1. Out of everything in the stretch 95-110 that is within 20 Å of residue 54 (Cβ to Cβ) and of a type in the set (A, V, I, L, M), what residue ends up being surrounded by the fewest Cβ atoms within 10 Å (Cβ to Cβ)?
2. Select from the stretch 3-51 the residues that are of a type in the set (S, T, N, Q) and more than 13 Å from the chain's Cα centre (by Cα) and write down the one among them that is farthest from residue 99 (Cα to Cα).
3. Evaluate the following for residue 11: is it surrounded by fewer than 16 Cβ atoms within 10 Å (Cβ to Cβ), within 16 Å of residue 110 (Cα to Cα), in contact with a strand residue (DSSP E or B) (Cβ under 7 Å, 6 or more places away or on another chain) and of a type in the set (A, V, I, L, M, F, W, C)?
4. For the stretch 60-94, give me each residue that is more than 21 Å from residue 12 (Cα to Cα) and open to solvent by 60 Å² or more (accessible area, probe 1.4 Å).
5. In the stretch 33-56, which residues are in contact with a Ser or Thr (Cβ under 8 Å, 6 or more places away or on another chain) and open to solvent by 60 Å² or more (accessible area, probe 1.4 Å)?
6. (1) in a loop (DSSP other than H, G, I, E, B); (2) of a type in the set (A, V, I, L, M); (3) touching a Lys or Arg at 6+ places or on another chain (Cβ under 6 Å): which one isn't true of residue 78, the others all being true?
7. Tally up the residues in the stretch 86-121 that are more than 16 Å from the chain's Cα centre (by Cα) and farther than 18 Å from residue 34 by Cβ, please.
Amino acid sequence: QVQVMESGGGLVQAGGPLRLSCAASGSIVSINAMGWHRQAPGKQRELVAVITSGGSTNYADSVKGRFTISRDNAKNTVYLQMNSLKPEDTAVYYCNADVRVYGSNSVYRYWGQGTQVTVSS
């Protein structure tokens, strides 16, 4: 079993910063990519940022230059530093980890339960 848990969401004023954290734990052999997605009310879930085990990153155009994804492989943790937040960044943010588990040669994607980020104007 693998657990993925986000933390750090909350209410912030437009222009302000917020940092999300996400830790994976359990029967983990290794973690490939880790990422952040978000889902606003009435909209589909969208990719925000992803980082590979080697540190390569990719961002949605809407957050480039404002958000930074990073990870600590020793702690199986990924972070999302969000700066210059806008009201349109309001959403539930979900973390994912692509995990190779003990007893399997396959990689499985695990999701956290989500954390609410609300940006007030």
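1. The selected residue is 107.
2. 13
3. no
4. Listed by number, the residues that qualify are 61, 73, 74, 75.
5. Once the filter is applied, which keeps residues that are in contact with a Ser or Thr (Cβ under 8 Å, 6 or more places away or on another chain) and open to solvent by 60 Å² or more (accessible area, probe 1.4 Å), the stretch 33-56 yields only 53.
6. Failing condition for residue 78: (1).
7. The number of residues fulfilling the criteria is 10.
The values are calculated or read from the model by the stated rules, or taken from the named source; none is laboratory data. If you're wondering where the values come from, they're calculated on a predicted model, not measured in any experiment. For neighbour counting, all protein chains shown are included, and Cβ atoms are generated from backbone atoms with ideal geometry for every residue, glycine included. The area values use the complete protein model at the heavy-atom level, side chains included, leaving out ligands, DNA and RNA. Shrake-Rupley method; radii C 1.70, N 1.55, O 1.52, S 1.80 Å.
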